[in-house]
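Structure first, then comments.
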Amino acid sequence: MNITPKREIEYSIAVDIPPGYHPLPLTNIDQALQNAAGPITDAAPDSLNSSVSDVLGVLEFFLKALAARRTVYCGVGRHLTEAGEQVTSWITISLLQCGDPQNPRLVVQDFAMNKLAQEPSAVVEPIEANGRPMLFSEFTRRFPAPDLSAYEGRSDDVTVFQLEALVPSDDGTNVAVIEFSTLAVDSGPLYGEMLFGMATSIDFTELTPAYSSLNL
């Protein structure tokens, strides 16, 4: 018996990264961080020198976790607000597979329901831009403060402001997820327009299709 080959649809994406963001490694992570350890230690203030190795260890763990979940970009940026405040933020972009072809509006609907179930206080807004359905979310989370000597006496947890945009491919088989995070909670909403620009710039390119078959 011949089983009709099943087509597995995969995409790559192109997206406009805003100025001021610097990419972090998602391949050869060990070597990249090893090469960076010396310059970072030399540049760090004396009060932070003892924490460099611990910070790089945590960074290694998170970068490997991001790479394992199909993250295609991770970058850190520093910007000045109109008030002169320096804001540090992170952007990650992942490309997830959603299974068989389906209406991309249904993909957005499912993600909206899941987001509200996970983050009941989140502001979740499905929209259409240039004929493409998208989902934007805004919320805050609290995480344990890092166990570093430089953070002694700080709060037991840290508040992180996050923006998220989900953009499905036209056939609904893949979805690009852009996540923006910053500790500058009050300034976080100012980055909404930047996130929208990134989401509308996403371009999906279908990779050479692979086929699987089974002969019995």
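Does region 81-140 hold any residues that are under 22 Å from LEU66 (Cβ atoms) and open to solvent by 80 Å² or more (accessible area, probe 1.4 Å), and which are they?
Of everything in region 81-140, those that are under 22 Å from LEU66 (Cβ atoms) and open to solvent by 80 Å² or more (accessible area, probe 1.4 Å) turn out to be TRP90, GLN97, ASN114, GLN118.
Just to be sure before I move on: is LEU116 at pLDDT 90 or above and on the phi < 0 side of the Ramachandran plot in the structure I sent?
When the stated conditions are applied, LEU116 passes them.
Sort out which residues of region 80-96 are at pLDDT below 90 and of a type outside the set (A, V, I, L, M), and write them in order of number.
THR81, GLU82, GLY84, GLU85, GLN86
Going residue by residue through region 54-64, is there one that turns out to be loosely packed, with under 11 Cβ neighbours inside 10 Å, under 15 Å from the mean Cα position of the chain (by Cα), part of a helix (DSSP H, G or I) and modelled with pLDDT of 85 or more?
no
Of all residues in region 22-52 being farther than 27 Å from THR71 by Cα and assigned to a loop (DSSP other than H, G, I, E, B), which is modelled with the lowest pLDDT?
Here the answer is ALA44.
Give ASP186, ASP171 a once-over and let me know the one that is open to solvent by 30 Å² or more (accessible area, probe 1.4 Å), more than 30 Å from GLY20 (Cβ to Cβ) and at pLDDT 90 or above.
ASP171 is the lone residue from the list that is open to solvent by 30 Å² or more (accessible area, probe 1.4 Å), more than 30 Å from GLY20 (Cβ to Cβ) and at pLDDT 90 or above.
Give me a count of the residues in region 120-166 that are polar (S, T, N, Q) and either modelled with pLDDT of 95 or more or within 20 Å of ILE91 (Cα to Cα) (or both).
The number of residues fulfilling the criteria is 4.
The values are calculated or read from the model by the stated rules, or taken from the named source; none is laboratory data. What you are looking at is a predicted structure, and each value in this text was computed from that prediction instead of being measured. Virtual Cβ from ideal backbone geometry, glycine too; neighbours counted across all protein chains shown. Ligands, DNA and RNA are excluded from the accessible area calculation, which covers all protein heavy atoms including side chains. Shrake-Rupley method; radii C 1.70, N 1.55, O 1.52, S 1.80 Å.
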